[in-house]
Amino acid sequence: MRITVEIEDSKIQAIQKWTKQTKKSPAVAQALDEFIEHRRRQEFLAKVMAGETDYRTSNDELEALTDLSKP
């Protein structure tokens, strides 16, 4: 979808620097994608910390999932 927004030059420059995008539109799109993913993770972690999930993985199972040394 195409929209028109006003964003300060300094903010656009910072977004382009952080995303390593030279064009404004892809930089803003990437920053928005990253923002949405960050908020989803925050919501999930808040649910986990509040005990509102049924995620039942033991510490050993979790470590096995993240152990990069195993093939």
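Within the range 1-18, being of a type in the set (A, V, I, L, M, F, W, C) and part of a loop (DSSP other than H, G, I, E, B) holds for Met1, Ile3, Val5, Ile7. When restricted to residues that are open to solvent by 60 Å² or more (accessible area, probe 1.4 Å), part of a helix (DSSP H, G or I), out of contact with any helix residue (DSSP H, G or I) (no Cβ under 7 Å at 6 or more places or on another chain) and of a type outside the set (S, T, N, Q), the range 19-45 contains 13.
Residues of the range 4-27 include none that is free of Cβ contacts under 8 Å to residues at least 12 places away in the same chain and among the aromatic types (Phe, Trp, Tyr). Residues that are among the small types (Gly, Ala, Ser) and at pLDDT 95 or above within the range 26-58 comprise Ala27, Ala29, Ala31, listed in sequence order. Within the range 46-61, being assigned to a helix (DSSP H, G or I) and of a type in the set (A, V, I, L, M, F, W, C) holds for Ala46, Val48, Met49.
When the range 1-18 is filtered for residues that are of a type in the set (S, T, N, Q) and surrounded by 10 or more Cβ atoms within 10 Å (Cβ to Cβ), the ones remaining, listed by number, are Gln13, Gln16. Looking at the structure I just gave you, is Lys70 open to solvent by 100 Å² or more (accessible area, probe 1.4 Å), of a type in the set (D, E, K, R) and at pLDDT 95 or above? Taking the combined requirement at face value, the residue does not satisfy it.
The values are calculated or read from the model by the stated rules, or taken from the named source; none is laboratory data. Small disclaimer: the values here were computed from a predicted structure and weren't measured. Here Cβ is always computed from backbone atoms with ideal geometry, including for glycine, and neighbour counts include all displayed protein chains. For accessibility, only protein heavy atoms count, side chains too; no ligands or nucleic acids. Shrake-Rupley method; radii C 1.70, N 1.55, O 1.52, S 1.80 Å.
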